[in-house]
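J.: My questions all concern the structure below.
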Amino acid sequence: MSPEHRVYREAVVLGAAAYAILLQIAHPGVGRGVREHSDFAQRPVDRLRGTLVFVYGLMFGTAEEAERVSAIVRAIHKRVVGPGYDARDPDLQVWVAATLYACDMHVYELVCGPMAPKDKDEVYAGAAVFATSLGCPREYWPATRADFDRYWADMVASIEVDDTARAIARDLFHPAHPVVRALVRVQRFLAAGLLPPHVRDGFGLAWGPVQQRRFDRLLAVVRAVYPRLPPAVRTLPRDFYLRDMRKRASGSGRNRAARGHRRPIGGRG
C-alpha cells in the first residue's frame, strides 16, 4: 500500500475537517468566494460529501473516476468569480490543497505516530493532485516537502482572520439539525485545539488550561484505541463515499441512457 493511501484511507483524519476549513476561509480570497457562492455552512453534510468524494475519488478512484470528480469541481469553480477572488487562481488552489495535505498529515501523525521521511515525501508528492487536478500548473505546488514547510509556515504566520471568515465560521458552527449540531460541536473543539493560537483567537474560539487538558485526554484515548480498531472500521468513510460516488455515477449513466432511448429516431433534441 502506498504511503498516501495509508494516510487518506484513515477515518481519523476526518478529525481535521473543521481545522482545514477554518484555515481555508481565513485566506481572504477563499473566504469571499465561500461567502458569496457556497452554502456549505447551511448544508455541511452535503458539502462534506462533496469534499470527501473529491479526495477519495482522486486518491482511490480509477483514472476515469478521478477525472470525473475533478471535472465537476472545475465546472463549479468557473462560476466562483468576483471582486478580489477567482476559484481558478492557482494561489488559492494551492492554499486549499495545502490544507488538505498539512491538516490531514498533522492529525494522522498525532494519532498513528510519525511517518518515515521517505514515506512523508511520497504522501506530499501525491497531494499535489488536489491542486493540479483543478488545472493548477504543477510548478505552483512547492517542489519539495522542505519548500512546502517554508510556504506553510509563511502562510500560517500571515493569517489575519477577517469579519468574512468569522461570519462563515459562525454559520458553520450553528447548523439547524440537532444531530449535525452535536457533530459540529466536536469538530469545533478539535479545530480549536489544532489551530495555531493566533488563528484560533482570530476566530474567537475560547481556549485555556481546562480545554487543553480535555484535548490532551481525548487525544490520549484516541491514540490508545483507534490504531487497534479493525481496518474495516478505520476505512468505513472511504468505503462508504466511494460506493456512493460509484452508485451516483452509475445512476446518472442509466438516466442518460434512458433519456437517449426515449428520443425519436433520427432526432437531435
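J.: Mind pulling the per residue volume of the convex hull built on the Cα atoms of the stretch 94-172? Å³ is fine.
T.: In the stretch 94-172, the Cα convex hull volume per residue is 121 Å³.
J.: Hey, what do the phi angles of the stretch 49-54 turn into as Karplus ³J(HN,Hα) couplings, whole Hz, using 6.51/-1.76/1.60 and θ = phi - 60°, x for Gly and Pro?
T.: Rounded to whole hertz, the list is 4, x, 5, 5, 4, 4.
J.: Continuing with this model, one more query. Which log10 I(q)/I(0) values, to two decimals, does the chain give at q = 0.09, 0.10, 0.11, 0.13 Å⁻¹ under the Debye formula with one point per Cα?
T.: At q = 0.09, 0.10, 0.11, 0.13 Å⁻¹ the computed log10 ratios are -0.44, -0.54, -0.65, -0.92.
J.: For the stretch 39-160, which whole percent of the accessible surface, found with a 1.4 angstrom probe, sits on carbon and sulfur atoms?
T.: 57
J.: For the stretch 1-113, list log₁₀ I(q)/I(0) at each q in 0.18, 0.19 Å⁻¹, using the Debye formula over Cα point scatterers of equal strength and ignoring solvent, two decimals each.
T.: Log10 of I(q)/I(0), two decimals: -1.00, -1.11.
J.: Between ARG170 and ASP147, what length comes free when the chain is fully extended (0.36 nm per residue of separation minus the Cα-Cα distance, one decimal in nm)?
T.: Full extension from ARG170 to ASP147 adds 4.9 nm.
J.: By how many degrees, 0 to 90 and rounded to 10, does the Cα axis of helix 17-26 deviate from the longest principal axis of the chain?
T.: The angle comes out at about 90 degrees.
J.: How far apart, in nm, are two points set 7 Å out from the Cα along the Cα-to-Cβ line at ILE76 and at HIS37?
T.: 1.1
J.: Could you work out the Kirkwood radius for the stretch 83-232, taking every pair of different alpha carbons, averaging 1/r and inverting it, reported in Å?
T.: 17.6
J.: Tell me, what is the per residue accessible area of the chain in Å², probe radius 1.4 Å? List each step's numbers first, then the result.
T.: Working: 14420 Å² over 269 residues.
I get 54 Å² per residue for the chain.
J.: How far is helix 63-77 tilted, in degrees, relative to the longest principal axis of the Cα atoms in the chain, given as a value from 0 to 90 rounded to the nearest 10?
T.: The two axes meet at around 80 degrees.
J.: Please list 3J(HN,Hα) in residue order for the stretch 200-210, calculated via the Karplus relation 6.51 cos²θ - 1.76 cosθ + 1.60 where θ = phi - 60°; whole Hz, with x for glycine and proline.
T.: 4, 5, x, 8, x, 8, 5, 7, x, x, 5
J.: Still on this structure, I have one more. Starting at the first residue of the stretch 218-230, write each ³J(HN,Hα) from the Karplus equation 6.51 cos²θ - 1.76 cosθ + 1.60 with θ = phi - 60°, in whole Hz, x for Gly and Pro.
T.: Here the 3J(HN,Hα) series is 4, 4, 5, 5, 4, 4, 6, 9, 4, x, 8, 5, x Hz.
J.: I want to check the label-to-label distance for HIS5 and VAL45. Put each point 7 Å from Cα in the C-beta direction and report it in nm to one decimal.
T.: 3.1
J.: Sticking with this structure for a sec: How far is helix 90-112 tilted off the main Cα axis of the chain, in degrees rounded to 10, range 0 to 90?
T.: 60
J.: Under 1.5 on a/c is rounded, so check that first for the stretch 129-186, then, if it is not, pick prolate when a/b is larger than b/c and oblate when it is not; a ≥ b ≥ c are the square roots of the alpha carbon gyration tensor eigenvalues.
T.: In terms of gyration-tensor shape, prolate.
J.: Also: Once the Cβ-Cβ distance between ARG88 and ALA157 is put in as r, and R0 is 41 Å, what FRET efficiency do you end up with, to the nearest 0.05?
T.: 0.95
The values are calculated or read from the model by the stated rules, or taken from the named source; none is laboratory data. Fair warning: this is a prediction, and the values are worked out from it, not measured in the lab. Every residue, glycine as well, gets a Cβ built from its backbone with ideal geometry; the counts of neighbours run over all protein chains shown. Surface areas here come from the heavy atoms of the whole protein model, side chains and all, with no ligands, DNA or RNA. Shrake-Rupley method; radii C 1.70, N 1.55, O 1.52, S 1.80 Å.
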